[in-house]
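A quick write-up on the structure given underneath.
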Amino acid sequence: MKKETNILIAEDNKEHFELIRKNLLRADLCNETLNFADGQEILDFLFDMDKGFEGEHNSHEYILLLDLNLPKVDGVKVLEKVKQDTQLKKIPVIILTATDDRHTIERCHNLGCSTYIVKPREHQDFEETIQKLGRFLAVVETTLIK
Amino acid sequence: MKKDMVILIAEDDTGHFQLIKKNLWLTCVDSDILQFKNGREVLDFLFKKDTEVYFEDKKQYILLLDIRMTQVDGIEVLKRIKEDEELQKIPVIMLTTTSEASMIKQCYELGCSYYIVKPVNYHHFMEAVQNLGEFLSLGGMRLPFIKKSYV
């Protein structure tokens, strides 16, 4: 993955966000991470970019880690909006959530998430999962979103 | 759930296939691995046309797809899968030597999950496949079920 690719993390749990950020670093993934505390924040970021208001990030490469149980706008809705947009749909979306029910899993795959991962309950397993995710993302190429 | 994962590999280079299989085996020991030598073979399998191996509803599939293949290339395979209402759920990971930005863009537009460029260095290639394997065998990974009815 290019150094310039930003990792967007939509996660309202501060501890989870810190754990994710830290363990991506431990996996030697030094890309910039941005935290969004609710579904509206991430949509505003992505769709303002779409309108070209924010000069500094109007042409960039991204990967999105998306929690589902988010305040204001839930993650499934965020995924749906991202995948309906002709530009934003090119962003690989990784669902990272505590929700482990068949219906939600099928729905997210239908909408076009790249991967659906259930957060492990054990702290150490969670850390290990993020490190493996990080080492995988290191070999993934992303594409420019305008 | 994990042990029902089947990794489909569409790869016409035998050396690359062996390397991918061997290094996936190190990490995804419980998964079946099926090889397809060109785009036509993998489409026949997915759309069930006179093949010896059959697509099973109870298994969960993931496809590693090369681009430059004989008969039907990877772009066409990706397009066909993503046009199918059920098959479109299968995660498709492009694994190719092609590193052109326009190709990466096209594959993401068509709906691939990830695009990986095969490292030229042999050891780096092995390492990349092992990283992929570790990722695919994550305990929390949830894949979709594909229900195909062939009438």
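The values are calculated or read from the model by the stated rules, or taken from the named source; none is laboratory data. Predicted model, so just to flag it, every value in this text is computed and none were measured. All Cβ positions, even for glycine, are placed from backbone atoms using ideal geometry, and neighbour counts span all protein chains on display.
Couple of notes before you dig in:
- Those residues of the stretch A:101-113 which are at the interface with chain B (Cβ under 7 Å from one of its Cβ atoms) and either surrounded by fewer than 22 Cβ atoms within 10 Å (Cβ to Cβ) or aliphatic (A, V, I, L, M) (or both), in sequence order: A:105, A:106, A:110, A:112
- Exactly one residue among A:96, A:144 is within 11 Å of chain B (Cβ to nearest Cβ), of a type in the set (A, V, I, L, M, F, W, C) and surrounded by 20 or more Cβ atoms within 10 Å (Cβ to Cβ), and that residue is A:96.
- Subset of the stretch A:42-70 [modelled with pLDDT of 95 or more and over 25 Å from residue B:113 (Cβ atoms)]: A:44
- Count of the stretch B:111-124 residues which are buried (at least 20 other Cβ atoms within 10 Å of the Cβ) and part of a helix (DSSP H, G or I): 0
- Qualifying residues in the stretch B:130-151 (those that are loosely packed, with under 15 Cβ neighbours inside 10 Å and more than 9 Å from chain A (Cβ to nearest Cβ)) - the one farthest from the chain's Cα centre (by Cα): B:151
- For the stretch B:98-129, the set of residues classified as facing chain A (nearest Cβ under 7 Å) and among the acidic types (Asp, Glu) consists of B:109 only.
- Residue among A:41, A:61 that is more than 9 Å from every other protein chain (Cβ to nearest Cβ), buried (at least 16 other Cβ atoms within 10 Å of the Cβ) and either in contact (Cβ under 8 Å) with a residue 40 or more places away in the chain or aromatic (Phe, Trp, Tyr) (or both): A:61
- Contact annotation: residue pairs with Cβ atoms under 6 Å, 6 or more positions apart or on different chains, pairing a residue in the stretch A:96-116 that is within 18 Å of residue B:58 (Cβ to Cβ) with a partner that is in a helix (DSSP H, G or I) and among the basic types (Lys, Arg), are A:109/B:89.
- Residue match in the stretch A:74-91 (condition: aliphatic (A, V, I, L, M), more than 8 Å from every other protein chain (Cβ to nearest Cβ) and touching a Gly at 6+ places or on another chain (Cβ under 6 Å)): yes
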